[in-house]
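Asks: What follows is a structure written as structure tokens; I'll ask about it next.
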């Protein structure tokens, strides 16, 4: 396959004509194995950083570009990309956008779609669509970028992305506090009420906290990025808010807790969980989502909460599809979706990435897939 959109389009058209299904994948961070009835559509050859404009802070990169390498290339030019999804070493830009969940930096910089100015997508009908920086709509009136980012490859294959970059900041620091779940939840409520808006605002459960080098306890970690004075003032103000409760202990600042290393460790640990479910709760009610997840899933490898977005990630060694269905049913009344971000192929097929959707949403999803993948070429089980 040629490492250009036309090569992917040709392969998609050939598969449609032959009645074959394709499984789009980069490094396999989220979906390590392909369905048995599908051929792998390997996007790793699309690994080029083809354009980088220092003055305008924009870049164009292929979907197969490893995020670690992309970050290193940008850093050489004094720029960075506010995208830090979990995943194994070698995780790709396209995979991060297809999953759509982002990482801790989504608290301060928005979800992955906010880092994208445009992209090139190959739809399941074999057409190549180039989406510009502004809202570009298809004939049905939908913003295609919003469908593809977070669509897990079910609506189209991302081949190239135009990115919004940021200039490297003067300072980047992290402070963290540990305590009971109740104490940490109270601290997050106070911080939300104070208007605090750090770059990252994450809560981790005891197993995950210990794995990234903190106490084996519930930990609240705040990351600030900006000028040296601004970072110091932001974290000092947050510290006063948290310590006023007297129930959280600040983890002593050390070189290991005052630079981004814990965040890189977070990416690796969450990306190593065999099963990952992402719950879209509310910033003020994430504790309820944590409690319900624990009740249904039992012994968990870890929990991570991006508080301002209400995103709760839970990790497990394995999970039965029936348990995923039960958790989704329990959260449906709150309007909280549960995305199966990582699991083996049989579990994905049985539970669906998104599960059973409400009738209106299911109808819309089916209509979009019929528009962009009328032949069912992409082997992506979005719904159960």
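The values are calculated or read from the model by the stated rules, or taken from the named source; none is laboratory data. Keep in mind that this is a model prediction, so the values were computed, not measured. Every residue, glycine as well, gets a Cβ built from its backbone with ideal geometry; the counts of neighbours run over all protein chains shown.
Asks: Take the conditions assigned to a helix (DSSP H, G or I), at pLDDT below 95 and buried (at least 24 other Cβ atoms within 10 Å of the Cβ) and apply them to residue 95. Does it pass? Give the derivation first.
Replies: Numbers: assigned to a helix (DSSP H, G or I): yes; at pLDDT below 95: yes; buried (at least 24 other Cβ atoms within 10 Å of the Cβ): yes.
Criteria met by residue 95.
Asks: Which of the residues spanning region 103-122 are free of Cβ contacts under 8 Å to residues at least 60 places away in the same chain and within 25 Å of residue 167 (Cβ to Cβ)? I'd like the intermediate steps shown before the answer.
Replies: If we filter region 103-122 for residues that are free of Cβ contacts under 8 Å to residues at least 60 places away in the same chain, which is where we start, we get 110, 112-119, 121.
Result: 110, 112, 113, 114, 115, 116, 117, 118, 119.
Asks: Another one. Give me the residue from region 327-342 that is touching a helix residue (DSSP H, G or I) at 6+ places or on another chain (Cβ under 6 Å) and in a helix (DSSP H, G or I) and, out of that set, nearest to residue 219 (Cα to Cα).
Replies: Selected residue: 327.
Asks: Between 64, 103, which is part of a loop (DSSP other than H, G, I, E, B) and over 27 Å from residue 374 (Cα atoms)? Reasoning before the result, please.
Replies: Values: 64 fails: over 27 Å from residue 374 (Cα atoms).
Sole residue among the options that is part of a loop (DSSP other than H, G, I, E, B) and over 27 Å from residue 374 (Cα atoms): 103.
Asks: Which residues, counting only those in region 187-218, are in contact (Cβ under 8 Å) with a residue 40 or more places away in the chain, in contact with a strand residue (DSSP E or B) (Cβ under 9 Å, 6 or more places away or on another chain), over 12 Å from residue 307 (Cα atoms) and not in a loop (DSSP other than H, G, I, E, B)? Don't jump to the end; show me each part of the working.
Replies: At the first step, the residues of region 187-218 found to be in contact (Cβ under 8 Å) with a residue 40 or more places away in the chain are 187-192, 194, 196-205, 207-208, 211-214, 218.
Still in the running and in contact with a strand residue (DSSP E or B) (Cβ under 9 Å, 6 or more places away or on another chain): 187-188, 191-192, 196, 198-205, 207-208, 211-212, 214, 218.
Filter again for over 12 Å from residue 307 (Cα atoms), leaving 205, 207-208, 211-212, 214, 218.
Matches in region 187-218: 207, 208, 211, 218.
Asks: Moving on to the next point. If the requirement is being within 30 Å of residue 6 (Cβ to Cβ), touching a strand residue (DSSP E or B) at 6+ places or on another chain (Cβ under 7 Å) and either in contact (Cβ under 8 Å) with a residue 60 or more places away in the chain or assigned to a loop (DSSP other than H, G, I, E, B) (or both), which of these qualifies: 159, 174? Please lay out each step first, then the result.
Replies: Working: 174 fails: within 30 Å of residue 6 (Cβ to Cβ).
Matching residue, one of 159, 174: 159.
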